[in-house]
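Engineer: Structure below; questions to follow.
What follows is calculated from the coordinates using simple rules that are stated; it is not laboratory data. No experiment lies behind these values; they were computed from the predicted model shown. Heads up, the Cβs are rebuilt from the backbone with ideal geometry, glycines too, and the neighbour counts pull from every protein chain shown.
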Amino acid sequence: MDGRYDSPTPPLLRLPQDIRRRIYRLVGLASRDKYPFNFDLHGPSVASLNLGNHTSTQHHGTFHGLLLSCRYIHAEAAALLYSHSYFFIYYSGPGSLRPLVALTAPALASLVSLKIVLAESSCHQLWCHYPGQTCCVYPEHSGPKTYPSYGCIAYHSHAVPLLASAPPGPDSRSKSFVDEWRAAMDHISSGITPGRLDLGLVCDLDARHERAMALATAILAPVRRLPLLKRCQIRLCRLPDARLSEAAKDTALSASGIKRPYVNPAPGRATLLALPRELRIRILQMTDLVTPSKEVWWDRHLAKYRWAALAGNSRCSDDFRRNCHFDECWHRPLNHNNVITGPRRMGCFCRRRHAAFTPFCKCWMPPGPGLFLICRAICEEARLVFFSSNRFVIHDFKQFAPWKLPDLQEFDMAANLWNPYPFERLAVSKFLREVVPTHCLAYLRFLELVFPPYGPPTWPQTDHRAMLDWQETIAWLRDKINGPVLTVRLVVADIDNDTPASYRITMTEAECNVIADGHMALMAPLQQLAEGPNGLARFYGDLSYPWRWSENEDDDTGLPGHDEWLREATMNGNKKSTS
């Protein structure tokens, strides 16, 4: 005997199927700990394990031969590989979508996750993880290294959007690009299993270009023709754009088999205005007019309404878990094994930050003008819901870091002085007299005034022009509010009771008295709101204790009669409450 074995069946196929699957896993067709790999269809021959705090790689050169050995082994190997891993591909020029066309029938039938990037000008999650782990688009954060956007800029160069440099009018390059894209999607459509594929599509267009909408329509058309998808996430622009956002949403829902509610009411169907007023208001209360936490912020720095689940750059915790579902969907926590799954795996498709749609994004956005333009009656009811259903917190400077001081407030080491109050009006005066429509002041139910811990000379005193304006504002406001249902809270946002601001370490008792006088000047006009039948329902004060960090700190030192004055002057009787 010559020892040769002439059986037509390859040795691997003579093994039991479960043994073969174990071998497939050992050579890297699937992660041995059941956490998916991310594979770039272009190569290089390396896959990244989908972990949050570290990256584990797997070279697939060790199993490439299995995919080429024979048709039967290829079918088994492809089924395991494409059903247990995530795949992505980046368009870099003509012909770069060929790997999609090269996918075999077994691969397409088993494919469970595919992200296609045609153009990307933000949120570059090449491996679905990078330091910073945040959305690139923070319009109010421009440049400082302390902000999340810096983390993305430090690791990724931002490409220009598609069409950004294209001239007006028809373009042959766009046509060839669309033709290549259509051919790739037609091939995918011919082989994927209905209800199995999770598809992510990123094509950041220049929304200002005249052909942006036409090109978006051409790109989305093949997606609509795909068999039913398990899930579809689409991003069409780095920044929000109403038309592109709507197109992305329509296509994603259609591809997932979800029918949108009717847009144009059928004849004879009841309209919003035909409903009783109580029902209309109840419906409006279910819209974005009411924030998830029922709290709205406003400050002079941004001069617009904002809401966030957490202050500053805080991370989600169990105490705030509910709010985090409605703010910065990209920040959602990893699972218990610290593995990136769900929305973060595909990248950022936040509708608040981009012209995008994903079923995972429930981020709250300020209501658009639509509700206020239907008719006068609906506009007035929308205002009623907005101002009466939310608590309004007015920050004198910055809302995301209420303890921060204006740039003008800097310690002068030579003169040992601080700059005076740099504004001619308090932020709350501007809000009440210029931002809120006058007749809507009666809708307010809760108003909180937040001031940063200004230094002694910065606190405006009674004769300061800002305080004179504050006194005029309160006198003007008295007959315009609905006092018996309004609660006012005054807060000085100290950094920490045990960690003083740097200027406080050397404060004298006289300087502490100046701060206390500033507090009194701020509160004295509020006494008018507590008087008469239209007096406030409640008033709360949370003020820093100026003498805590003075040179002559004494537990018994304080402003004589402060608590008693506050109680009697602002509460106006037993019906008022303090805390």
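Engineer: So if R0 is 60 Å, what FRET efficiency would Gln461 and Lys230 give, r being the distance between their Cβ atoms, rounded to the nearest 0.05? Please report the intermediate quantities before stating the final value.
Structural biologist: On the way: r = 65 Å, r/R0 = 1.08.
Efficiency, rounded to the nearest 0.05: 0.40.
Engineer: Okay, next question. A 26 angstrom limit on the alpha carbon distance is what I want to check against. Which of Lys115/Lys249; Lys362/Lys480; Lys115/Lys304; Lys259/Lys304; Lys362/Lys430 exceed it? Walk me through the intermediate numbers first.
Structural biologist: Working: Lys115/Lys249 17 Å; Lys362/Lys480 36 Å; Lys115/Lys304 35 Å; Lys259/Lys304 35 Å; Lys362/Lys430 32 Å.
Where the Cα-Cα span goes over 26 Å, the pairs concerned are Lys362/Lys480; Lys115/Lys304; Lys259/Lys304; Lys362/Lys430.
Engineer: Determine the sum of side-chain charges near Leu447: Lys and Arg each +1, Asp and Glu each -1, restricted to other residues whose C-beta is under 13 angstrom from that of Leu447. The partial results should precede the final answer.
Structural biologist: Numbers: positive: Arg391, Arg445, Lys480, Arg489, Arg538; negative: Glu295, Glu448.
Counting the neighbours of Leu447, the net charge comes to +3.
Engineer: So for each of 99-107, 349-357 I average, over its residues, the number of other beta carbons within 10 Å; can you give me the resulting order with the highest mean first?
Structural biologist: On the way: 99-107: 16.2, 349-357: 25.1.
Answer by packing, highest mean first, reads 349-357, 99-107.
Engineer: Something else: Quick one: if the Förster radius is 45 Å, what FRET efficiency do Ile283 and Arg98 give, using the C-beta to C-beta distance and rounding to 0.05? Could you put the intermediate results ahead of the total?
Structural biologist: Values: r = 51 Å, r/R0 = 1.13.
It comes to 0.30.
Engineer: Then there's this: Using a Förster distance of 60 Å, how high is the FRET efficiency between Asn513 and Glu210, based on the Cβ-Cβ distance and rounded to 0.05?
Structural biologist: On the way: r = 65 Å, r/R0 = 1.08.
After rounding, the FRET efficiency stands at 0.40.
Engineer: Once fully extended, how much extra length lies between Asn482 and Thr9, figured as 0.36 nm per residue of separation less the alpha-carbon to alpha-carbon distance? Kindly include the intermediate steps, with their values, before the conclusion.
Structural biologist: Details: separation 473, 0.36 × 473 = 170.28 nm, distance 8.75 nm.
Stretched fully, the Asn482-Thr9 segment lengthens by 161.5 nm.
Engineer: Once both labels are modelled 7 Å past Cα along the beta-carbon direction, what's the Asp250-Glu424 spacing in nm?
Structural biologist: Placing both labels 7 Å beyond Cα along the Cβ direction yields 4.8 nm.
Engineer: In nm, give the distance between the simple-model label positions of Thr217 and Ala183, each being 7 Å from the Cα along the Cα-to-Cβ direction.
Structural biologist: 2.5 nm
Engineer: Amide H of Cys237 versus every other amide H placed in the peptide plane: which residues, excluding those fewer than 5 positions away on the same chain, fall under 5 Å?
Structural biologist: Those qualifying (amide H under 5 Å, at least 5 residues apart or on another chain) are Leu205, Ala355.
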